[in-house]
1. State which residue is farthest from residue 317 (Cα to Cα) when the search covers only region 246-274 and only residues that are in contact with a strand residue (DSSP E or B) (Cβ under 6 Å, 6 or more places away or on another chain) and crowded, with 16+ Cβ neighbours inside 10 Å.
2. So, in region 278-301, how many residues would count as being touching a helix residue (DSSP H, G or I) at 6+ places or on another chain (Cβ under 8 Å) and not in a loop (DSSP other than H, G, I, E, B)?
3. Scan 159, 182, 209 and give me the residue that is farther than 30 Å from residue 80 by Cα and either modelled with pLDDT of 85 or more or surrounded by 12 or more Cβ atoms within 10 Å (Cβ to Cβ) (or both).
4. Can you name the condition, by its number, that residue 287 falls short on among (1) closer than 23 Å to residue 96 by Cβ; (2) surrounded by 14 or more Cβ atoms within 10 Å (Cβ to Cβ)?
5. Would you confirm, using the coordinates I've provided, whether residue 243 is in contact with a helix residue (DSSP H, G or I) (Cβ under 8 Å, 6 or more places away or on another chain), under 17 Å from residue 108 (Cα atoms), surrounded by fewer than 22 Cβ atoms within 10 Å (Cβ to Cβ) and touching a residue at least 60 places away in the same chain (Cβ under 8 Å)?
6. Under 6 Å between Cβ atoms, at least 6 apart or on separate chains: pull out the pairs that start in region 176-203 with a residue that is without any contact (Cβ under 8 Å) to a residue 24 or more places away in the chain and end on any residue that is surrounded by fewer than 17 Cβ atoms within 10 Å (Cβ to Cβ) and in a helix (DSSP H, G or I).
7. Determine whether residue 260 is under 21 Å from residue 288 (Cβ atoms), touching a helix residue (DSSP H, G or I) at 6+ places or on another chain (Cβ under 9 Å) and in contact (Cβ under 8 Å) with a residue 40 or more places away in the chain.
8. What helices (runs of 4 or more DSSP H), lying completely within region 180-263, carry at least 1 residues that are over 18 Å from the mean Cα position of the chain (by Cα)?
């Protein structure tokens, strides 16, 4: 029987929260401009394809700034065969293969926002989905990605081989080609759509002025529900709707950076199971190989399993094999 180790100060969690906070500030750099009254407008010209941001628009970015890697990829695919983003796809695959979902767990602003939400609910009162429901909901984001890919590939072929029809469709579908992920992005809602809505409402001193049409009403209600559910089910949006997470998961399951379990120290689910209880993505850690687990590419490498294991059986490793 493995001996339990004395519970230590949650150093990893503290460091992760600090890194998440700094990443949020650095990504939304205009906060620095407001606090320190300095001009950082030169950064506006740097369109960096951050892998962990869904879309490029942010109220704190004044609608500009760092762009979402996945939206760049989808937009390029839909713009024609000549614009296929091989470099961006390569960056996505390389990051996922080397670091797994590290950027999701340590750098993503939306992930940080959801982690803050979960703080308002006591650990003992946080909800768990059934295994079947959790598995099914994690497929939703992959279906969304698949549908978007089919649409953008079709548009890309039309742009290449039937330009006249493509231009006609491009005009009729509005901003979808330029912003294919906008309707599925919590970051877009939090950092662009919602502040814009509030601004319109304040300008006209009217709540109804916040909503331009029925679609904006739907998005407002839909994402408020997502946010509310995230209080009880940690990282709910990440599990179900994050398109970057869907794409990265296919490669991240083979990540070099992962956690492993010591078969000598780990006592299993019957006598413990704490690692699974604290996992925000509800990964069935004890069903995964001892050599390394990624939860089918869903593990965010947050470190809660390792930090809370009373037997010290879970360790982070970098494996080239």
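The values are calculated or read from the model by the stated rules, or taken from the named source; none is laboratory data. In this text, all values refer to a predicted model and were calculated from it rather than measured experimentally. Glycine also receives a Cβ, built like all others from the backbone with ideal geometry; neighbour counts cover every protein chain displayed.
1. Filtering region 246-274 down to residues in contact with a strand residue (DSSP E or B) (Cβ under 6 Å, 6 or more places away or on another chain) leaves 256-257, 259-261.
Imposing the further condition that a residue be crowded, with 16+ Cβ neighbours inside 10 Å reduces the set to 257, 259-261.
Details: 257: 6, 259: 6, 260: 7, 261: 10 Å.
Within region 246-274, the match that is farthest from residue 317 (Cα to Cα) is 261.
2. In the first step, residues of region 278-301 are kept if they are touching a helix residue (DSSP H, G or I) at 6+ places or on another chain (Cβ under 8 Å); the result is 278-286, 293-301.
Those left that are additionally not in a loop (DSSP other than H, G, I, E, B): 278, 285-286, 293.
Total satisfying the criteria: 4.
3. Numbers: 159 fails: farther than 30 Å from residue 80 by Cα; 182 fails: farther than 30 Å from residue 80 by Cα.
Among 159, 182, 209, only 209 is farther than 30 Å from residue 80 by Cα and either modelled with pLDDT of 85 or more or surrounded by 12 or more Cβ atoms within 10 Å (Cβ to Cβ) (or both).
4. (2)
5. Working: in contact with a helix residue (DSSP H, G or I) (Cβ under 8 Å, 6 or more places away or on another chain): yes; under 17 Å from residue 108 (Cα atoms): yes; surrounded by fewer than 22 Cβ atoms within 10 Å (Cβ to Cβ): no; touching a residue at least 60 places away in the same chain (Cβ under 8 Å): yes.
In short, no.
6. Close Cβ pairs (under 6 Å, with a partner that is surrounded by fewer than 17 Cβ atoms within 10 Å (Cβ to Cβ) and in a helix (DSSP H, G or I)) amount to 200/209; 201/209.
7. Working: under 21 Å from residue 288 (Cβ atoms): yes; touching a helix residue (DSSP H, G or I) at 6+ places or on another chain (Cβ under 9 Å): no; in contact (Cβ under 8 Å) with a residue 40 or more places away in the chain: yes.
No: the conditions fail for residue 260.
8. Working: elements: 194-204, 214-232, 236-240, 243-252.
Per the criteria, 194-204, 214-232.
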